[in-house]
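The values are calculated or read from the model by the stated rules, or taken from the named source; none is laboratory data. Predicted model only: the values in this text are computed from it and were never measured. Methodologically, a virtual Cβ is constructed for each residue, glycine included, from the backbone with ideal geometry; neighbour enumeration extends over all protein chains shown.
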There are 6 protein chains.
Amino acid sequence: MSEKTLTGRIARDKIRLMQVPRPPDGVVERFKRLGDCTGVISDTMDELGIAGGVIGASVLRPTMPGTVMVGPALTLRNILQRIDPLQGARDHVNRMAEFECHNLATPGDVLVIQGVPGISNMGGNSAQTGKRQGEAGAIVEGGVRDVSHQRAVGYPIWASDITPVTGKWRIEAAEINGPIVIGGVQVHPGDLVVADDTGVCFVPRDMIMEVLEHAEKKARSEDMRVKAIDSGVPVPDVLKSGE
Amino acid sequence: MSEKTLTGRIARDKIRLMQVPRPPDGVVERFKRLGDCTGVISDTMDELGIAGGVIGASVLRPTMPGTVMVGPALTLRNILQRIDPLQGARDHVNRMAEFECHNLATPGDVLVIQGVPGISNMGGNSAQTGKRQGEAGAIVEGGVRDVSHQRAVGYPIWASDITPVTGKWRIEAAEINGPIVIGGVQVHPGDLVVADDTGVCFVPRDMIMEVLEHAEKKARSEDMRVKAIDSGVPVPDVLKSGE
Amino acid sequence: MSEKTLTGRIARDKIRLMQVPRPPDGVVERFKRLGDCTGVISDTMDELGIAGGVIGASVLRPTMPGTVMVGPALTLRNILQRIDPLQGARDHVNRMAEFECHNLATPGDVLVIQGVPGISNMGGNSAQTGKRQGEAGAIVEGGVRDVSHQRAVGYPIWASDITPVTGKWRIEAAEINGPIVIGGVQVHPGDLVVADDTGVCFVPRDMIMEVLEHAEKKARSEDMRVKAIDSGVPVPDVLKSGE
Amino acid sequence: MSEKTLTGRIARDKIRLMQVPRPPDGVVERFKRLGDCTGVISDTMDELGIAGGVIGASVLRPTMPGTVMVGPALTLRNILQRIDPLQGARDHVNRMAEFECHNLATPGDVLVIQGVPGISNMGGNSAQTGKRQGEAGAIVEGGVRDVSHQRAVGYPIWASDITPVTGKWRIEAAEINGPIVIGGVQVHPGDLVVADDTGVCFVPRDMIMEVLEHAEKKARSEDMRVKAIDSGVPVPDVLKSGE
Amino acid sequence: MSEKTLTGRIARDKIRLMQVPRPPDGVVERFKRLGDCTGVISDTMDELGIAGGVIGASVLRPTMPGTVMVGPALTLRNILQRIDPLQGARDHVNRMAEFECHNLATPGDVLVIQGVPGISNMGGNSAQTGKRQGEAGAIVEGGVRDVSHQRAVGYPIWASDITPVTGKWRIEAAEINGPIVIGGVQVHPGDLVVADDTGVCFVPRDMIMEVLEHAEKKARSEDMRVKAIDSGVPVPDVLKSGE
Amino acid sequence: MSEKTLTGRIARDKIRLMQVPRPPDGVVERFKRLGDCTGVISDTMDELGIAGGVIGASVLRPTMPGTVMVGPALTLRNILQRIDPLQGARDHVNRMAEFECHNLATPGDVLVIQGVPGISNMGGNSAQTGKRQGEAGAIVEGGVRDVSHQRAVGYPIWASDITPVTGKWRIEAAEINGPIVIGGVQVHPGDLVVADDTGVCFVPRDMIMEVLEHAEKKARSEDMRVKAIDSGVPVPDVLKSGE
């Protein structure tokens, strides 16, 4: 089979994987059925001895509150160019490569960008393109822009900054589908991203099934506790229910 | 009368008061009738010579914008445990005591937590339990989680952080109903909490009536000024109305 | 023509201009027709070699998301008083002058305040008065208060802080319609302010027409790209459309 | 034996211990013989599974670089008063209690203060008194002042802030010899403090001997590696020496 | 008498005073005799009801530790230019005016700059010129550079940042000898600056004698306390000595 | 010629260059003869249109003030591991590779580490080894430890953090001699590092000679200005000398 036509925005040898490893069939749907579950997944990873991997929604703020997003990570690392951006704007040489990511995306992927703060790593057209390619949405440590356009096309983003300043003449893509660091957490392509109004969890690729099964059990026990509270059991007994 | 059954999450001698002092009858309702009044109350405390006691909504952000909350403070001080949290998760020893607070709460209380940043000091089940116990809501300097659940049960929180990371194996309760510090403000159990979209005020327990009466007068004078503005009086005259 | 009656809150010689220079007729409407355009305007200024002038919405947060605001800047610089604010509250000497700005405002003006952080530089009555005077809204680096009142009267603000603490006894107005600095950007009276959910742009007064015409062209080319994306052209070709 | 005469600056029931537990004889000297050893002790605590307990010198900066300090912690927790400090200065009611700590100190103790930022928690006379009482020095999360006086009397402090602003009318002592939190680390009275130019370690009271013996072994192995480097062994072999 | 020849770096009408008001004769020497006295002066201002005016040495760090500096403030307010600095460097138009300040300085003045962070507001030649003109030194909120040169000529500076990046094409002088804000403190020309290793105090011009006399009394009482400590009086009695 | 024996701490394919490109002969000495020259070099890069590349000494603080360091960059990028560090300490698997850098170093190289904050990226043995290998010193964005040992062996470092916490079980090396980002500046292997008490400059590899020659001219003109100041020329004329 012939390889995909590339955009050329980043050298071919800086794309470490052409496709992100897929999670097992049905996994995304089962995670979604857990609802707003980043708390349960964070607890599960604690209990299974999986370190780190959780970032709060006051650090990576959702642009579309109320959304739950689940999917495998397609990773991009951006760094600052070392140029005069006004000269760059005149020369019009764009070194961003998140469109290459959209080009490579498999439906359901979550674009995860280790970006640059105070500068947009992704705008409205980019979100619209990601949406069309079937991506679930994006996680961006750094700035994004055109948030109204992004919301209008229904492409949710958890981002640390919002700013109109373009990255086109300021940022360059360093690597696609290499390991990246988001909020102090190492993320690999294919790690499962789970995001809701409370924050973002990154589940290591080879622990996805174990985390899912443990989390489903916890969620059932949580449901029992919710009912116990509703039924009026005394507070000391609530603590014993479902722990 | 026999003492309440406790949850045992915190040593009995670290609970300084079993019940928060109540504000005079009708006071909460009169404060609520003032509407979005943290500005008026802050001004009143300035004018009465009561220092500090005011924190902005960009520091303690409301999880349910549009809510006005009034009630006496039930205080909790949390500190970090000194353990490996992954070991703690295996050992499953939970040292948080905000459920003890729910247990002790009198309807109308506001739970005020001097918490730990970047870690959840209160989750969805806890909010649901607080709601059931009749609490008005909570103020948390530190993280909270399960914000969708908290909103769904109608338990408003003003918090500095939102994060999925549990405090169960990371935090321990140091004291209930002792003096605490929130945003640089010393708060005592029974101080009256007033919170709206602009921020949070803590009215010292023994100044509640004085503040209320002064604030009611100011609110009437504010109403006159609002009408003066609407009626088109020249700007220099607006400044004279109701000051 | 006789000069306006002043409020006296600031010495006459600290008001550098009694009226802000007007943008050419029809300009505000044409900018507004561009929609959520801070991204396009930021790119335009880059391409025309106009440095700086752009601040993100995660720094200056809109109090009324979904609003697009355009108008010439009426500038105010506030500084801290050096007094004991509780003494000031007793003495009741108010040194804020944003009401003088409302007094001087021409319909369509945007009040831009280089304010003091953690203290309110503008409250609900002030917003109501600004609205009545026909202002488009405000940009405040520093605190504002009474945000519910401000929203109720339909006066949008992009501000860095929200807090109930009054500036009346804490702040003094240093200058009206002098040059100010907002988010590291020098702003002059009459510079055109454009603000949306992504952030705020300040277009230098003598570049307004040039920026507008360039931005209108870019917006058309953006529209073509949006259509190209919708029509399903391959990603590498999207990048070529409309650049 | 009769109890010590107290200064009365803090209520007697807020002093949890009248004397800090002593480390075993000779332990302080053995730690001191390790030299600049916070790195070795931090590694030792990692290897023994003791979580946390280490803070860097860019957070708690030494006022007397080149000093190594070892001793058991005498703890003090300070909080902000809620008053107008200028009123407090007129009324002259001093609520700080670090002199009570000096009063209680046993020679060799290290005063560890969970203090208030931006305000002095300890000045020159206090340092001079601590020195006279035989204290080894202090660790202060918060401000200190009169650093020249403190250096002149030879009382080393690792502090986060330096400021002339007195705490006398701003701070009150909440507790002596209770658990405190320094740089996110829980510290108990009697925990062993070790501080040098690289930072501060807190060794839990009941692990002191275990840490010491392990650290002495590591230090010997470090010496061997230092010699291996000096003797010119190839870099890949350096890594194998003494690990 | 003819006016001084100006450098022309700033418009004449932005120089509010050609000479800073002098403190009474002998005052500077008497303050200097107090030694490292910012603590005493801060306390004195508290006791006399003079609000604010004190900044810690961890915010404004001394470039020459061990120095005590006293003198009246000559003020400068710098703001960012709005240009492409690389274009500015080509065009070589320098808009900084701290040399105008040196030009206007009377021996003994302290140059106090409300500067720009992360950019140099004053370099080595500038310090050398200030020294030659007889200035006591400088206070800079913002960056300075060439610190070795500055130390070599014996011109002490308390600055918040150190950086090689020039302000020549990035900064412009907005005003000389107007009111400025340093660390949240309003400073006027002629206010007395006192700086040592603990921090910086600004004494309002019309309170200089009152502060001096009060401070001298306090210093004597401090000396008594220092002796009391040395002489071994019990700690509870130390607190009573000289307060 | 056979390739160097490697330490194996990092996969061979993550070492992008086995040796850093050398600057032309004599260049390092000529830069050193310029003295404390980061200001002059920063100005030169501005004037030659070379963007960025300068970081202040209040961000990257020198561990050995008074040192001037010049040499080509050998780059290392570190990232956080995703493990429980206490588990890592038990398992004793060290993934740091700055020793591999020492192994690869050519005398005169400067090790430049894009490190991890709050954790040591380089300790005393590492500095001693770097010194032995002839390195000029290091630049570390992130923590370092054992600063006394580092000073004792005469290995200067400009670092953002100092902390005893080891990176051995917390950090892993991602790449050697790839492009890195330090303080927002993109640095490539072979870029010339110049560091003094005012800060750090990175001169792009292919601009070294041009920058040197321009800087030498500027330094001569600076000398003339220094003499002009000493000789007492009026301030307005100082500005004209040597600009």
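Of all residues in region D:219-231, those being in contact with a helix residue (DSSP H, G or I) (Cβ under 7 Å, 6 or more places away or on another chain) and closer than 16 Å to F:S126 by Cβ number 5.
What's the total number of residues in region E:118-138 that are within 16 Å of the chain's Cα centre (by Cα), part of a helix (DSSP H, G or I) and surrounded by 24 or more Cβ atoms within 10 Å (Cβ to Cβ)? Residues flagged as within 16 Å of the chain's Cα centre (by Cα), part of a helix (DSSP H, G or I) and surrounded by 24 or more Cβ atoms within 10 Å (Cβ to Cβ) within region E:118-138 amount to 3. Residues in region F:160-187 that are over 23 Å from D:F202 (Cβ atoms) and within 9 Å of another protein chain (Cβ to nearest Cβ): F:S160, F:E172, F:A174, F:G178, F:P179, F:I180, F:V181, F:G184, F:V185, F:Q186, F:V187. The residues on offer are A:I139, A:I176, A:I119, A:I171, and the sole one that is touching a Gly at 6+ places or on another chain (Cβ under 6 Å) and of a type in the set (V, I, T) is A:I119. Going by the structure shown, is C:K168 touching a Phe, Trp or Tyr at 6+ places or on another chain (Cβ under 6 Å) and charged (D, E, K, R)? Criteria not met by C:K168.
Among the residues of region D:139-151, those identified as over 10 Å from the mean Cα position of the chain (by Cα) and either under 14 Å from D:A195 (Cα atoms) or within 9 Å of another protein chain (Cβ to nearest Cβ) (or both) are D:G143, D:V144, D:R145, D:D146, D:V147, D:S148, D:H149, D:R151. Would you confirm, using the coordinates I've provided, whether B:V194 is at pLDDT 95 or above, among the β-branched types (V, I, T) and touching a helix residue (DSSP H, G or I) at 6+ places or on another chain (Cβ under 7 Å)? Yes.
Mind counting the residues in region E:139-161 that are assigned to a helix (DSSP H, G or I), of a type outside the set (K, R) and surrounded by fewer than 24 Cβ atoms within 10 Å (Cβ to Cβ)?
First, the residues of region E:139-161 that are assigned to a helix (DSSP H, G or I): E:147-152.
Subsequent filtering for residues that are of a type outside the set (K, R) retains E:147-150, E:152.
Add one more test, that the residue is surrounded by fewer than 24 Cβ atoms within 10 Å (Cβ to Cβ), and what stays is E:148-149, E:152.
The total comes to 3.
Each residue in region E:19-54 was checked for being over 30 Å from D:Q150 (Cα atoms), surrounded by 13 or more Cβ atoms within 10 Å (Cβ to Cβ) and not basic (K, R), and 4 of them qualify.
For region E:89-106, which residues satisfy the criterion of being closer than 29 Å to F:G52 by Cβ and crowded, with 20+ Cβ neighbours inside 10 Å?
Of everything in region E:89-106, those that are closer than 29 Å to F:G52 by Cβ and crowded, with 20+ Cβ neighbours inside 10 Å turn out to be E:A89, E:M96, E:A97, E:E98, E:F99.
Would you check which residues across region E:201-232 are of a type in the set (V, I, T) and out of contact with any Ser or Thr (no Cβ under 7 Å at 6 or more places or on another chain) and list them? Full working, then the answer.
From region E:201-232, those of a type in the set (V, I, T) are E:203, E:208, E:211, E:226, E:229; that's our starting set.
E:V203, E:I208, E:V226 - these are the residues of region E:201-232 that are of a type in the set (V, I, T) and out of contact with any Ser or Thr (no Cβ under 7 Å at 6 or more places or on another chain).
Would you mind finding the one in C:V147, C:V116 that is β-branched (V, I, T) and out of contact with any helix residue (DSSP H, G or I) (no Cβ under 9 Å at 6 or more places or on another chain)? Show your work before the answer.
Numbers: C:V147 fails: out of contact with any helix residue (DSSP H, G or I) (no Cβ under 9 Å at 6 or more places or on another chain).
Result of the check over C:V147, C:V116: C:V116.
From the list C:R12, C:R16, C:R82, C:R30, the lone residue that is among the basic types (K, R), at pLDDT below 95 and over 19 Å from C:A138 (Cα atoms) is C:R82. Within region E:177-218, the set of residues being of a type in the set (A, V, I, L, M) and closer than 20 Å to E:P117 by Cβ comprises E:I180, E:V181, E:I182, E:V185, E:V187, E:A195, E:V200. Among the residues making up region D:1-56, those that are polar (S, T, N, Q) and out of contact with any Leu (no Cβ under 8 Å at 6 or more places or on another chain) are D:S2, D:T5, D:T38, D:S42, D:T44. Among the residues of region E:19-36, the ones that are under 16 Å from E:K218 (Cα atoms) and touching a helix residue (DSSP H, G or I) at 6+ places or on another chain (Cβ under 7 Å) come to 4 in all.
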